[in-house]
Amino acid sequence: MARRKEPVIPDAILDQLLAGADAKTAFEQNGLLDQLKKALTERALKAELDHHLAGDLSGNRRNGYGQKTVLTEGGSMELSIPRDRTGTFDPALIAKYQRRFPGFDEKIISMYARGMSTREITEHLRVLYSIEVSADLISTVTDAVIEEVTTWQNRPLEAIYPLVFLDAIRVKIRDEGLVRNKAIHVAIGVRADGAKEVLGLWIEQNEGAKFWLRVLNELKNRGVEDILLAVVDGLKGFPEAIAAAYPEAIAAAYPEAIVQTCIVHLLRHSMEFASWKDRKAIAAALKTVYDAVDDKAAEAALTTFEDGPWGEKYAAIGKAWRRAWQEVIPFFAFPREVRRILYTTNAIEALNSKLRRAVRARGHFPNDEAALKLLFLVLNRAEKDWKMPPREWTAAKAQMAVIFGERFAKAMNA
């Protein structure tokens, strides 16, 4: 039989602490655990002052205690803070003007990242912990993230990304006294090992070649030398912008594959024209288009769809595919292993779902910074779940090494 490990805190001490008390009350507010937390905090503060005075040769000494109420994860706590005569003692555990216990701010940011509004966080803290916290305090805590957002948005990136997904979600943001619809664009890069990372966030009311050129030049300044394949959702002006920012990629051996429209988004857009009961049959009919052997067979399948009953009933679907056809064609030049990666965007769709859920909880944002702050926190939380590359990546990687040759080899060696 395995021997029981020695407890970190001896049983005799625990028995002494629990003597004559109901063990259930230990976990209640102001119970034994809270009392221990208060006692340990005050003991640590005394130890800090001892260390401070030991290194002070001016004759400085103790000067009693001051009372301070701090907010903790479990409620408010009254602490006795030791003082010195000269007033030079500034504790590291609870700083002079600090009113929140370490870890409290992280809890607020975590709730905010889950999409909870400032009002919901205030109510949550009041009901669960009997803590009265103002919306202004929550805004102050979350505003501390803005500096982190700026650092993150300017961090260096990989030299080559074999695959970059670009997407946008619409949010309502107050601007010059009016609530406007703005697009927040998200770029997700896939490295040669299949690992994903969010490259950045950009807000723009009207997208176009100038906007995308600015974004791509920003990526270039952050170290991105080449993008082998960009999958976009019909982003206006993007093909022209990437041609201007990465002319060497356009001139390479696989020029037409540089910009590819997202098939999933195109299908979803097609379904918007159809009634609910017809969507399953229309999706099956359109599969003959994007599942074709090559672009000629795909165009023939699209013509067949347009001439068929669904194409005649919903003519707008065929027109939507025709408008995007130049960005659809590169899809058919790839083998099925690579197509599956381009088509199967579960991670990106799951990310978009989290972003939209957080946006819906807000209604609208007071400014651009507030929108960026929330979406950065959501993205930061979501990235932690991206531990493994897609199952299809190994097969796709072998095909991309053949298709892109030296360019993909550079990405592998980076």
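Bear in mind these aren't lab numbers, they're just calculated from the coordinates by the rules spelled out. None of these values were measured; they are calculated from a predicted model. For neighbour counting, all protein chains shown are included, and Cβ atoms are generated from backbone atoms with ideal geometry for every residue, glycine included.
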Candidate cut points under trypsin sites (Lys or Arg not before Pro) in the range 318-414, DSSP loop plus at most 15 other Cβ atoms within 10 Å of their own Cβ, are LYS384, LYS387, ARG391
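Within the range 117-219, list the GluC sites (Glu not before Pro) lying in a DSSP loop whose Cβ has at most 14 other Cβ atoms in a 10 Å radius. Please list the in-between numbers first.
On the way: sites: GLU120, GLU123, GLU132, GLU147, GLU148, GLU158, GLU176, GLU197, GLU204, GLU207, GLU218; in loops: GLU132, GLU158, GLU176, GLU207.
Answer by residue number: GLU132, GLU176.
Based on Cβ point charges of +1 for Lys and Arg and -1 for Asp and Glu, what charge dipole magnitude is obtained for the range 158-413 about its Cα centre, in debye rounded to the nearest 20? Intermediate values should be presented prior to the final figure.
Details: 38 positive and 33 negative charges, 223 e Å.
Approximately 1080 debye in magnitude.
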Considering the Cα trace of the range 158-413, what is its radius of gyration and what is Dmax, both in angstroms? 18.8, 54
Quick one: of the DSSP bridges fully inside the range 158-413, what percent are antiparallel, nearest 5? 70 percent
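Between GLN35 and ARG356, 0.36 nm times their residue separation minus their Cα-Cα distance comes to what? Mind showing how you got there, number by number?
On the way: separation 321, 0.36 × 321 = 115.56 nm, distance 4.21 nm.
Here the segment from GLN35 to ARG356 would lengthen by 111.4 nm.
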For a test of the definition: using alpha carbon positions, the gyration tensor, and the 1.5 limit on a/c, classify the range 254-307 as rounded, prolate or oblate. oblate
Taking 0.36 nm per residue of sequence separation and subtracting the Cα-Cα distance, how much length would be gained by fully extending the chain between LYS287 and LYS384, in nm to one decimal? 31.5 nm
Of LYS38/LYS96; LYS172/LYS220; LYS387/LYS410; LYS220/LYS410; LYS287/LYS313, which sit over 21 Å apart, Cα to Cα? LYS172/LYS220; LYS387/LYS410
At a Förster distance of 45 Å, what's the computed FRET efficiency of HIS124 paired with ASP90, Cβ-Cβ distance as r, to 0.05? 0.90
Have a look at the range 311-382 and give its Rg and Dmax from the Cα atoms, expressed in angstrom. 17.9, 47
Given labels modelled 7 Å from the Cα in the Cβ direction, how far is it in nm from LYS46 to LYS410? 6.5 nm
